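First up is the structure itself, then whatever we jot down about it.
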Amino acid sequence: EVNEGDEAEEEEDEADPGHQERSKWREVMHGDMGNGVPFRPGVFDGVVSISVVQWLCNIDKKGQVPQKRLRELFQTLYNSMRRGAKAVLQFYPESPQQMNLISQAAMKCGFGGGMVVDFPHS
């Protein structure tokens with residue numbers, strides 16, 4: 001769906017000589033990360049995630065299984081990273097069990113490293 005304002009903005013952008021350079025940075029992906037991420041193998045040098053992963057531990061719809069959703073995310077994310085790439089995943093687990101569920105799913109998919117717990121009693 002496009003409204004008149006969008007069309008006018010697009011026409012202005014196309015008249016701008018730098019339009020093509022800037023437009024490549026406007027790409028947005030919208031999806032359910034519990035279904036995995038749709039990136040080609042080896043395309044990322046690094047990954048940063050802030051306050052996202054813990055949401056896969058929730059069951060928001062009938063039939064959702066947190067373990068499967070975490071595994072799908074971590075396997076597709078791991079595959080999309082080049083060999084030797086690094087990932088930093090910051091999240092807020094509700095409990096030690098949730099922290100273990102997330103870390104075990106990541107490690108089963110190939111991620112290594114460790115956990116840093118900040119403010120463990122907050």
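The values are calculated or read from the model by the stated rules, or taken from the named source; none is laboratory data. Every value quoted in this text rests on a predicted model; they were computed, and no experiment measured them. All Cβ positions, glycine included, derive from the backbone under ideal geometry; neighbour counts span all protein chains shown. These accessible areas exclude ligands, DNA and RNA; they are computed on the full protein's heavy atoms, side chains included. Shrake-Rupley method; radii C 1.70, N 1.55, O 1.52, S 1.80 Å.
Odds and ends about this structure:
- Equivalent ellipsoid semi-axes, segment 26-122, via Cα gyration tensor eigenvalues times 5, rooted, Å: 21, 17, 13
- Projected onto planes of every orientation and averaged, the convex hull of the alpha-carbon atoms in segment 47-104 covers 4.2 nm².
- Taking every protein chain into account, the 1.4 Å probe leaves Val88 with about 90 Å² of accessible area, to the nearest ten.
- Solvent-accessible surface of segment 28-75, taken per residue with a 1.4 Å probe and all protein chains present: 70 Å².
- Loop sites in segment 19-109: trypsin sites (Lys or Arg not before Pro), DSSP, at most 11 other Cβ within 10 Å: Lys24, Arg26, Lys61, Lys62
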